[in-house]
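> Mind having a look at this structure? Questions to follow.
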Amino acid sequence: MLAKVHIAKKDLRLDDALYRGILKDEFSVDSAAELSNDELEQLVVRFELKGFRAKSGSRTQVEALKERIGQELLHSEFTERRLRGLVRKICSVDDLRFCHDARRLKRLLAVIRRINDLDHTPKEGLS
């Protein structure tokens with residue numbers, strides 16, 4: 001979402017002073033990096049009202065993370081039940097399709113990778 005804000009800034013030809021003024025006035029921050037996902041979405045909506053149009057077909061961070069999670073799952077022995085439990089615990093939703101929080105998806109991806117690493121690590125004393 002942060003990248004989308006920067007693309008909008010460039011597309012709308014906002015100079016740095018005006019852009020930082022918007023951040024300061026609307027969100028009381030000096031940098032868009034300090035904004036939450038919800039605030040970033042609000043900022044994009046504001047830019048859309050000023051004429052910014054995201055190019056169709058461009059992947060969002062959330063879509064990219066979900067794709068990486070899917071790829072990671074292809075190389076794992078996760079059951080659907082195990083995945084559903086992790087999604088509920090980490091993303092606080094019943095189905096991965098309903099998670100739109102990049103921070104939670106990053107955490108889920110990290111946990112899946114860690115579990116995969118542990119599942120594929122040879123156990124000591126077993127031969």
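The values are calculated or read from the model by the stated rules, or taken from the named source; none is laboratory data. Bear in mind the structure is a predicted one, so any value in this text is a computation, not a measurement. Every residue, glycine among them, receives a Cβ derived from its backbone with ideal geometry; neighbour counts consider all protein chains shown.
> Name the pairs: first residue in segment 1-23 and outside the structural domain of Lys106 (by TED's automatic domain parsing) and surrounded by 14 or more Cβ atoms within 10 Å (Cβ to Cβ), second residue assigned to a helix (DSSP H, G or I) and basic (Lys, Arg), Cβ to Cβ under 7 Å, at least 6 apart or on different chains?
Tyr19/Lys9
> Being at pLDDT 90 or above, of a type in the set (D, E, K, R) and within 24 Å of Arg103 (Cβ to Cβ) is the filter here; which residues of segment 1-19 pass it?
Result: Lys9, single match.
> I've got another one for you. Among Ile90, Ile22, which is the only one that is assigned to a helix (DSSP H, G or I), β-branched (Val, Ile, Thr), more than 30 Å from Asn116 (Cα to Cα) and touching a Leu at 6+ places or on another chain (Cβ under 9 Å)?
The unique qualifying residue is Ile22.
> Moving on to the next point. Within segment 71-87, can you find the residues that are in a helix (DSSP H, G or I) and small (Gly, Ala, Ser)?
Gly85
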